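A.B. asks: Have a look at the structure that comes next, please.
What follows is calculated from the coordinates using simple rules that are stated; it is not laboratory data. Note that the structure is a prediction, hence the values are computed from the model and not measured. Neighbour counts run over all protein chains shown; Cβ positions are idealised from the backbone, glycine included.
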Amino acid sequence: MSRKKAVKSKGSSKSPKASPSSGRTGKGLAAAAAPSSGLVYPSRPSISNSGEFYDIAFKVMLVGDSGVGKTCLLVRFKDGAFLAGSFISTVGIDFRNKVMTIDAVKVKLQIWDTAGQERFRSVTHAYYRDAH
Ligand SMILES: Nc1nc2c(ncn2[C@@H]2O[C@H](COP(=O)(O)OP(=O)(O)OP(=O)(O)O)[C@@H](O)[C@H]2O)c(=O)[nH]1
């Protein structure tokens, strides 16, 4: 079985312009998924920016007031590290990808880290579409 290579966005996974969940509509396993649910079921395994194959993708948003620990939670989950004592407030929005295996299914989580400061609210709200 041949494996398709997804179109990569230029640069690292930190580019907020990329929207990997768009452009891939449900096929194959997608019969039960509503297109607006944000679920992405590729008909064949796709490849993430980190080079890992995955079967299904979810868009996850981290939202909350500034300083509650959204960025730390993401870094801890993605890299296993905790940034103690260094509070650099997020500017705008950022995202990281993580591929996990759950019940033998490769799940890609595209986790968006939003800025909690009020002045970025209009920017971050624009990215809520299709999120979980
Ligand atoms: N003690 C403790 N401190 C934490 C924890 N999580 C985050 N912090 C601290 O809280 C501060 C803010 O964390 P961030 O993750 O940057 O906060 P944020 O919600 O992303 O903030 P914005 O980017 O402004 O929206 C940092 O100084 C962290 O070190 C935690 O679980 N325990």
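A.B. asks: So which aspartates and glutamates can LYS78 reach, going by Cα to Cα under 20 Å and dropping same-chain residues fewer than 8 places off?
C.D. replies: Leaving aside aspartates and glutamates fewer than 8 places away in the same chain, those within reach of LYS78 are GLU52, ASP55, ASP94, ASP103, ASP113.
A.B. asks: Another one. Between SER122 and SER66, what is the label-point separation in nm under the 7 Å Cα-to-beta-carbon projection?
C.D. replies: Distance between label points: 1.7 nm.
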